[in-house]
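Right, one structure below, let's go through it.
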Amino acid sequence: MATEPEAAEPVVPSLVDRYFTRWYKPDVKGKFCEDHCILQHSNRICVITLAESHPVLQSGKTIKSISYQISTNCSRLQNKGAQFLTELAPLCKIYCSDGEEYTVSSCVRGRLMEVNENILHKPSILQEKPSTEGYIAVVLPKFEESKSITEGLLTQKQYEEVMVKRINATTATS
């Protein structure tokens with residue numbers, strides 16, 4: 001008796017994939033592979049995360065701590081909603097147990113609406129769920145700039161092309 005193949009379950013896109021457009025900023029501030037991902041909602045809100053290729057997510061590093069204290073006089077934990085950020089404004093610093101430290105930048109101009117305080121208490125969620133619970137911050141661009149904020153950012157397809165070039169360059173030099 002022949003059995004019919006079971007129908008595959010339809011793949012349901014994640015909440016992020018359904019409602020956000022992924023934009024990428026590779027090599028932020030000229031630092032190789034320190035890539036950031038900006039999830040832009042249709043309402044123009046931007047969620048700042050680490051891209052899959054960021055060293056913190058790739059190399060199995062252990063995060064020792066995360067700090068939103070940018071300088072002596074500037075903490076992103078204070079004045080939420082009132083701090084205006086430029087594209088290069090630092091959001092937080094990630095300190096790893098191997099001594100490496102990484103600065104996460106806004107990548108978009110706008111008002112800092114929220115920082116993710118949960119990653120301060122449980123830094124591992126930054127690595128485990130970078131696009132959801134492990135996000136860095138939420139930024140609201142000015143309405144009149146909401147169309148132009150993606151200038152200088154890469155689409156998913158463009159970013160994948162950058163990743164292929166990196167892999168090919170690494171393979172060619174090995």
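From the list 152, 99, the lone residue that is part of a loop (DSSP other than H, G, I, E, B) and modelled with pLDDT of 90 or more is 99. For region 121-174, what are the residues that are of a type in the set (S, T, N, Q) and more than 23 Å from residue 82 (Cα to Cα)? Scanning region 121-174 gives 124, 127, 131, 132, 155, 156, 158, 168, 170, 171, 173, 174.
Matching residues to (1) over 29 Å from residue 161 (Cα atoms); (2) of a type in the set (Asp, Glu):
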position: 53; (1), (2): no, no
position: 65; (1), (2): yes, no
position: 73; (1), (2): yes, no
position: 99; (1), (2): yes, no
position: 105; (1), (2): no, no
position: 117; (1), (2): yes, yes
position: 123; (1), (2): yes, no
position: 138; (1), (2): no, no
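Residue check: residue 102 meets all listed conditions (1) out of contact with any His (no Cβ under 9 Å at 6 or more places or on another chain); (2) in contact (Cβ under 8 Å) with a residue 24 or more places away in the chain but one, namely (1). Restricting attention to region 35-52 and to residues that are closer than 16 Å to residue 85 by Cβ and among the polar types (S, T, N, Q), the residue that is modelled with the highest pLDDT turns out to be 49.
Among the residues of region 36-52, those that are part of a loop (DSSP other than H, G, I, E, B) and either among the polar types (S, T, N, Q) or in contact with a strand residue (DSSP E or B) (Cβ under 6 Å, 6 or more places away or on another chain) (or both) comprise 42, 43, 45, 51.
Rundown of residues vs (1) open to solvent by 30 Å² or more (accessible area, probe 1.4 Å); (2) not acidic (Asp, Glu), yes/no style:
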| site | (1), (2) |
| --- | --- |
| 14 | yes, yes |
| 28 | no, yes |
| 31 | yes, yes |
| 35 | no, no |
| 41 | yes, yes |
| 99 | yes, yes |
| 111 | yes, yes |
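Considering region 72-82, and only residues there that are modelled with pLDDT under 90 and within 18 Å of residue 119 (Cβ to Cβ), the residue that is least open to solvent (accessible area, probe 1.4 Å) turns out to be 75.
Just to be sure before I move on: is residue 106 of a type in the set (S, T, N, Q), modelled with pLDDT under 95 and open to solvent by less than 30 Å² (accessible area, probe 1.4 Å) in the structure I sent? Here the answer is yes, as residue 106 does meet what is asked.
So residue 88 clears everything in (1) loosely packed, with under 14 Cβ neighbours inside 10 Å; (2) hydrophobic (A, V, I, L, M, F, W, C); (3) modelled with pLDDT under 90 except one condition, right? Which one? In the conditions (1) loosely packed, with under 14 Cβ neighbours inside 10 Å; (2) hydrophobic (A, V, I, L, M, F, W, C); (3) modelled with pLDDT under 90, residue 88 misses (3) alone. Taking the criterion of being assigned to a loop (DSSP other than H, G, I, E, B), at pLDDT 90 or above and surrounded by fewer than 16 Cβ atoms within 10 Å (Cβ to Cβ), the only residue of region 53-71 that qualifies is 62. Considering the conditions (1) open to solvent by 40 Å² or more (accessible area, probe 1.4 Å); (2) assigned to a loop (DSSP other than H, G, I, E, B), residue 134 is excluded by exactly one of them, (1).
Mind listing whichever residues of region 137-172 are over 24 Å from residue 102 (Cβ atoms), open to solvent by 70 Å² or more (accessible area, probe 1.4 Å) and either over 19 Å from the mean Cα position of the chain (by Cα) or of a type in the set (Ser, Thr, Tyr) (or both)? Hits for region 137-172 are 142, 143, 144, 147, 168, 171, 172.
The values are calculated or read from the model by the stated rules, or taken from the named source; none is laboratory data. All figures in this text were calculated on a predicted structure; none of them were measured in a lab. Glycine also receives a Cβ, built like all others from the backbone with ideal geometry; neighbour counts cover every protein chain displayed. Each accessible area value is taken on the protein alone, full model and side chains, heavy atoms only, with ligands, DNA and RNA left out. Shrake-Rupley method; radii C 1.70, N 1.55, O 1.52, S 1.80 Å.
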